[in-house]
1. With the structure loaded, tell me whether LEU304 is surrounded by fewer than 21 Cβ atoms within 10 Å (Cβ to Cβ), modelled with pLDDT under 95 and more than 25 Å from PHE80 (Cα to Cα) or whether it fails that test.
2. ARG100 passes all but one of (1) in contact with a strand residue (DSSP E or B) (Cβ under 9 Å, 6 or more places away or on another chain); (2) more than 15 Å from the ligand (Cβ to nearest atom); which number fails?
3. May I ask you to list the residues in segment 125-144 that are under 25 Å from PRO196 (Cα atoms), more than 15 Å from the ligand (Cβ to nearest atom) and within 16 Å of the chain's Cα centre (by Cα)?
4. Filtering segment 152-183 down to residues that are over 13 Å from the mean Cα position of the chain (by Cα) and in a helix (DSSP H, G or I), which residue is surrounded by the fewest Cβ atoms within 10 Å (Cβ to Cβ)?
5. List the number of the failed condition for ASN87; all other conditions in (1) buried (at least 16 other Cβ atoms within 10 Å of the Cβ); (2) on the phi > 0 side of the Ramachandran plot hold.
6. So the check is Cβ under 7 Å with 6+ separation or different chains; which pairs have a first residue in segment 1-18 that's closer than 12 Å to CYS166 by Cα and a second one that's of a type in the set (A, V, I, L, M) and within 11 Å of the ligand (Cβ to nearest atom)?
7. Any idea how many residues of segment 184-218 are in a loop (DSSP other than H, G, I, E, B), under 15 Å from the mean Cα position of the chain (by Cα) and among the acidic types (Asp, Glu)?
8. Which of the residues spanning segment 206-221 are buried (at least 18 other Cβ atoms within 10 Å of the Cβ) and among the hydrophobic types (A, V, I, L, M, F, W, C)?
Amino acid sequence: MLTKIVLTGACGSLGSLLRDPLSRMCDELLSVDIADAPAELHEGEHFEKADVTDFDTVLRIVTGADMVVHFAGIADERPFDQIIGPNFLSCYNVWEAAYRHGARRVVYASSVHAVGMTETNAGAGLDAPHRPDTFYGLMKCMSEDLARLYWEKRGVESVCLRIFSCTAEPQNARALGTWLSHGDLQRLVVRAVDTPTTGFTRVYGISNNDRAPVRNDAAAFLGYKPRDNAEDWAAAILAAALAPDPSDPAQMRLGGPFATVPLGESGVAGIKATNVGRDEGQRPEEAAPGPGPDSTPKPNADKLPSFLSRKGMGG
Ligand SMILES: NC(=O)c1ccc[n+]([C@@H]2O[C@H](COP(=O)([O-])OP(=O)(O)OC[C@H]3O[C@@H](n4cnc5c(N)ncnc54)[C@H](O)[C@@H]3O)[C@@H](O)[C@H]2O)c1
């Protein structure tokens, strides 16, 4: 049992799933978000409304913490000046505060978009080099490097979770490989917290999908055993999904639509355009049928930079 865990981004779609399991792992869970407090708190949980881009605030809230689970940030692409504060400066604040207070570890919500330009068929392992697809992915790369620096120079452990598509159910054809179920997210975070020693570790946040495009073997020591598999939805999704176009870079890069969106513009919008069950929790077979192959819209195709043409991507 830990003494204190700080959870940032506690009101977010992922952070709110972590409050209950984390509250069971420590005497005090300090949940933090810039948004208003949740309606009810768990036993042992306290909430503070705070901005994690402010160093003095972060330094204060991390006082006495064993670990920080850092999930606050913007979960989409934005212009550089809008995203660097919440998605990178906040990370400096968290790791530096963890160091100054002697916290053992930071568990960090990184992203597939740190390696989003990697080819889907490359069989990428955890040693795949950083290839960000957006400023958002660049912030994840910088934060992972910050995490490594704080381990190698200052002895603060980190587990960077390269989360793919975390939704209640897989929402589109890409998610047959990239889905992370809510239950598996919770299992992954519990392992990132309760593993005795981690040093600096990265792990892909995906479920036990038959079509997973990445390998997690180097992080096997965490003992993360995903239980859910997007394949259970494959027949329904593939029946309703738009016909895939292999010449579309968004189909052939780990980052999906983020790999083709112009810098600074939303990648989530491109992902939503491919969703079969558009509402969270809506099963694919309940979704309205998609347009036929002839009317296949290519997300952001009208904005595709010329250097991302098929010829330019072929090398
Ligand atoms: N949802 C996914 O599938 C996914 C995939 C990869 C990575 N991630 C990462 O996981 C983390 C959480 O994602 P999410 O989907 O829950 O996003 P979300 O937008 O639902 O939650 C983010 C939370 O952070 C809070 N926040 C933003 N700026 C803040 C600030 N300056 N100070 C304090 N709190 C602030 C927001 O109020 C929000 O509650 C993000 O870092 C995101 O990049 C998510």
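1. no
2. (1)
3. The answer is LEU126, and nothing else.
4. Residues of segment 152-183 over 13 Å from the mean Cα position of the chain (by Cα): 152-158, 168-177, 183.
Next, only the ones that are in a helix (DSSP H, G or I) stay: 152-154, 175-177, 183.
On the way: GLU152: 11, LYS153: 9, ARG154: 12, ALA175: 28, LEU176: 23, GLY177: 22, GLY183: 14.
That would be LYS153.
5. If we test ASN87 against (1) buried (at least 16 other Cβ atoms within 10 Å of the Cβ); (2) on the phi > 0 side of the Ramachandran plot, just (2) comes out false.
6. Matching pairs, first to second residue: LEU14/ALA109; LEU14/LEU185; GLY15/LEU7; LEU17/LEU185.
7. Total satisfying the criteria: 0.
8. ILE206, ALA212, VAL214, ALA219
The values are calculated or read from the model by the stated rules, or taken from the named source; none is laboratory data. The structure presented is a predicted model; accordingly, all values stated were derived computationally and were not measured. Cβ atoms come from the backbone with ideal geometry, glycine included; neighbour counts cover every protein chain shown.
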